[in-house]
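**Q** Before we start, here is the structure in question, set down as structure tokens.
Bear in mind that the values in this text are calculations on the coordinates, not laboratory data. What you see is a predicted model; the values in this text were computed from it and never measured. Ideal geometry is used to build each Cβ from the backbone, glycine not excepted, and the neighbour counts take in all protein chains shown.
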Amino acid sequence: MLLRDLQVLDHLSRTDQSSGDRIVRIARSIPNLLDDREIDKLENEWTLYSVELVDRSWYIKDEYVDSNGNNQIKYHSIDYYWNNVFSILTKNGISKYPTLTKLIKNVLIITHGNADVERGFSINSNILTENRSSLSESSINGLRLVYDAVKVFGNESAHKVT
């Protein structure tokens, strides 16, 4: 159901009659993100957003005629579109859709595959060698933290990390 509801993030779906219900279902499916008061605000923001005038350049990157004479459209990525929506301000200069922004940003960071999980298992198997098989969970987490920090900040340290 969540994947079907996520289709509401497409710019064309915002005017669908069921879009308000779908955005609320998405919000309720993510634990501890929005409380009941924020979900009420989300419904109001979605209603405003659904009638907002949106510039075509926010979702259309290029329009052209191909070699066969067919009209073709290249679309911007979904995060490009939503970043433009998030930048809409009220007359007072504050975000017009703060609750919607919070929800959509959290939805867009959800991974689309299991490559990161598989990579994590691979790293863990390299950490848990035969002579380290009885490490505690906190020790493994500590080793992963060091591994990830070295990966992010580079391997240029004065001390060898093993």
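**Q** So what's the net charge close to Ser50: Lys and Arg +1, Asp and Glu -1, counting the other residues with Cβ under 14 Å from its Cβ?
**A** Once all neighbours under 14 Å are counted, the net charge is -3.
**Q** Add +1 for every Lys or Arg and -1 for every Asp or Glu among the other residues with Cβ under 12 Å from the Cβ of His11, and state the total.
**A** -2
**Q** Per q in 0.21 1/Å, what log10 I(q)/I(0) does a Debye calculation on the alpha-carbon atoms of the stretch 44-104 return?
**A** -0.85
**Q** Mind listing the Cα extents of the chain along all three principal axes, in Å, largest one first?
**A** Largest first, the chain extends 62, 52, 35 Å along its Cα principal axes.
**Q** For the pair Thr90/Asp36, report the inter-label distance in nm, with labels modelled 7 Å from Cα in the Cβ direction.
**A** In this crude label model, Thr90 to Asp36 measures out at 2.4 nm.
**Q** Let me ask something additional. Angle, helix 19-29 long axis vs. longest principal axis of the chain, Cα atoms, 0 to 90°, nearest 10?
**A** It works out to around 20 degrees.
**Q** So which trypsin sites (Lys or Arg not before Pro) in the stretch 84-117 are both in a DSSP loop and have at most 14 other Cβ atoms within 10 Å of their Cβ?
**A** Lys91
**Q** In nm, give the distance between the simple-model label positions of Tyr147 and Leu3, each being 7 Å from the Cα along the Cα-to-Cβ direction.
**A** In this crude label model, Tyr147 to Leu3 measures out at 2.9 nm.
**Q** So if each residue of separation counts as 0.36 nm, and I subtract the Cα-Cα distance between Asn71 and Arg119, what length gain in nm does that give?
**A** Fully extending the segment from Asn71 to Arg119 adds 13.1 nm.
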